[in-house]
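Okay, structure first, notes after.
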Amino acid sequence: MDIFFILFALLTVVPAFLMVVTPNPVAGAVFLILSFIGMACLFVLLEAFFLAVLQILVYAGAIMVLFLFIIMLLDVREVEKLRPNTVTAAAAGVSLLLLVLGLIAVLAGDGLSGQLLSALPAVPDYPAADEPLGLAQKVKAYGYGLFTKYMLPFQLTGILLLIAMIGVIVLSKKRAAEEGAESAGADS
Amino acid sequence: MNLEAFQKIAASNLWGNLLPEIYLVALCLLLLVFEMVFRRQDLLLLFRVALWGQVLLLVLMGLSYFGGFPSGREELFGGLLVQTPLTETMRLFFLFGSLLVSYLGTRFLRARNLARTEFFAITLLVTAALMLLVQSNQFVLLFVALETVTVGFYVLVAYARTSGYSLEAGLKYLIMGALSSGLLLFGIVLLYGVAGSPDLAGAVGDPLHFPSLAQFIAAHPDNTLVLAGSLLVLSGIAFKVGAVPFQIWIPDVYQGAPTPVSAFLAVSSKAAGIIVLLTLVTGPFAALSGWTIPLISTVAVLTILYGNLTALPQRNVKRIMGLSGIAHAGYLLMGVVAAMTVDWAVGAIVFYLFTYLLASFGVFGVMALLSEGQDADQELDHYEDLAKRQPLLAAALTVGLASLAGIPPLGGFIGKLVLFIAAFQAGLYTLLAFSVVGVVLSIYYYFGWVREAVFRVWRSAEGAGSATPALPEPRSLTGLDRTALVGLSVLTLILGVAPFVLTWFLQL
């Protein structure tokens, strides 16, 4: 188990790093896909199969295709190298150092030793059967949870998407000039 | 699978208790359908449906209180939602705010060639989400509601897409908002992970549910992950409030956003942030008060000082409102700290929010009415001699600014007074001293503005006043404008002189 974890963790982290540093946007997108696949593998290790499938379908599939489309449409070949100024670079270095120190502190403390993590069973927070569920049953359990307990946030997500749709139209669509401007003065 | 448990949860999904939110969403859909049906955007109809629809909701909600204002605490939707007198009052607050934003929006959109219906549609949806946000009792709902609000604001801030200022503000708000949402989400995940871990004693079934989380945190107040998680969650909320380490976006966004949206951000968004913070520090994080009290107190002091000191040399009025808004967030943070030990401070906070709403919308209203053409670069000099040109606007501006500064007998004075008394009872003497200094500083820049507008200022020919391009004279005021401005001023005065309003609020 451990060797797989290290393998998949590397598969997640290394492409993510490469994505940030590569100057070629298409290569960056492909690295991001690789990173998503690594993350899906990590989900499989955690026996969250449904999440792994979703990760591949939604992120590695749909969203990344969209990204690639946009890159192709914009026809970006190379982005010029950004030269970060010294203050930014120093701040980033200090933040990284602090982050690493913080992680070490947490790991050394009571928090996240590897053993604790592996001992975590995948218990969903809504009532479920005691025995581990098969994939199909797990999806069903997600569905039950989504349509009973999480019905309200689920509906609210619909509203969020509606706002996003309206927003995209408002911000991108060109308005016919002066339409409705004549009637503007009429109101009181 | 345990179907009975699911059925029990489904039975607690009482949609009837969410009628105001459902009404707002339905009104939004109605507007969108109207726009499709009447191809020539009929302004009169759309504006009126948006405005009077909200007035109708306000009246309906008012009528429903004849059976008695809701009292007690009711958990709905399987614990996702909680309704208390406080959340009910905040619903009215947001509806009132949205009504005023819609009214300012009609003025703003009339002068510009921008899409019209969508402004009201998004305002209504954001308001519904704000209402859910203050009622949420679980992190999933809290996060979804907060994201709905934030995404709506991304669009609204960049709404005037022909203006470079607005687009810049939209981009800045998008990046800062995404960062803060990331912090908040990371914090939530840490809390979820640690509170749901079966290896720790007292792990709870639903670690995202506030009362369950409170139970867990009370058992493990020193756990590293609990500390990290709650700190990240508080940081995410502090971004929305505009408290000091996270205030950097405020001046630019307030200046660039269309004036109605600046007002919406300043009042409703900030109020929601404060109430969520209040819910968190008195609910799930109550056991952490050992470090949250000093932390939030320090943040409050820095926020008050930063807001007031940076507003002192400003000439751009929208930046003044933004920066002084930071200072107001600081006073409210002091109220939040006080509310952790003194119960009635919650009512003081809500009262302060109402006075802030009335005064801010008065000032923003005058700004919107004065800036028919340009929006982002209104300087103090443009207000010179306003009293002579537009006496009503100058009077409304003076009442609003004086209330913001906290001058008796206006509402702002009483609001600050009860907040300070609450802080005094909670024993926050240092914080109180800094607040008083802040208030004194704020009088300087608020009255600098009033002086420009009301008193004649002598200037040499090369003085600052002649250098700025003059704004076009505002259109004549309509009956609606007069009603709105006079109404806001009168309500500000009533909050200041009628003690029964205050008593009612302090019972919350």
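Of note:
- Look at (1) surrounded by 24 or more Cβ atoms within 10 Å (Cβ to Cβ); (2) of a type outside the set (V, I, T); (3) closer than 23 Å to A:G102 by Cα and you find that B:A228 fails only one, number (1).
- The condition of being more than 13 Å from chain A (Cβ to nearest Cβ), farther than 29 Å from B:L508 by Cα and of a type outside the set (K, R) does not hold for B:L56.
- Selected residue (criterion: surrounded by the fewest Cβ atoms within 10 Å (Cβ to Cβ)) from residues of region B:202-224 that are farther than 19 Å from B:L142 by Cβ and within 14 Å of chain A (Cβ to nearest Cβ): B:D222
- Test: B:F66 is within 14 Å of another protein chain (Cβ to nearest Cβ) and part of a helix (DSSP H, G or I): no
- Checklist (1) at pLDDT 90 or above; (2) at the interface with another protein chain (Cβ under 9 Å from one of its Cβ atoms) applied to A:V106, failing item: (1)
- Meets criteria (surrounded by fewer than 24 Cβ atoms within 10 Å (Cβ to Cβ), closer than 30 Å to B:D343 by Cβ and of a type in the set (F, W, Y)) for B:F424: yes
- Annotation: B:Y254 fulfils all but one of (1) more than 30 Å from A:L98 (Cβ to Cβ); (2) within 13 Å of chain A (Cβ to nearest Cβ); (3) buried (at least 19 other Cβ atoms within 10 Å of the Cβ); the unmet one is (2).
- Qualifying residue in region B:370-388 (condition: in a helix (DSSP H, G or I), charged (D, E, K, R) and either on the phi > 0 side of the Ramachandran plot or in contact with a Ser or Thr (Cβ under 7 Å, 6 or more places away or on another chain) (or both)): yes
- Residues being under 20 Å from B:G78 (Cβ atoms) and touching a residue at least 60 places away in the same chain (Cβ under 8 Å) - total across region B:137-162: 7
- Residue within region A:153-172 that is modelled with pLDDT of 85 or more, surrounded by 14 or more Cβ atoms within 10 Å (Cβ to Cβ) and more than 7 Å from every other protein chain (Cβ to nearest Cβ) present: yes
- Residue among B:E21, B:E75 that alone is more than 30 Å from B:L477 (Cα to Cα), acidic (D, E) and crowded, with 22+ Cβ neighbours inside 10 Å: B:E21
- Qualifying residue in region B:298-308 (condition: over 19 Å from the mean Cα position of the chain (by Cα), assigned to a helix (DSSP H, G or I), within 20 Å of B:I217 (Cβ to Cβ) and without any contact (Cβ under 8 Å) to a residue 24 or more places away in the chain): no
The values are calculated or read from the model by the stated rules, or taken from the named source; none is laboratory data. Keep in mind the model is a prediction, meaning the values are calculated, not measured. No Cβ is skipped: glycine too gets one built from the backbone with ideal geometry, and neighbour counts run over all protein chains shown.
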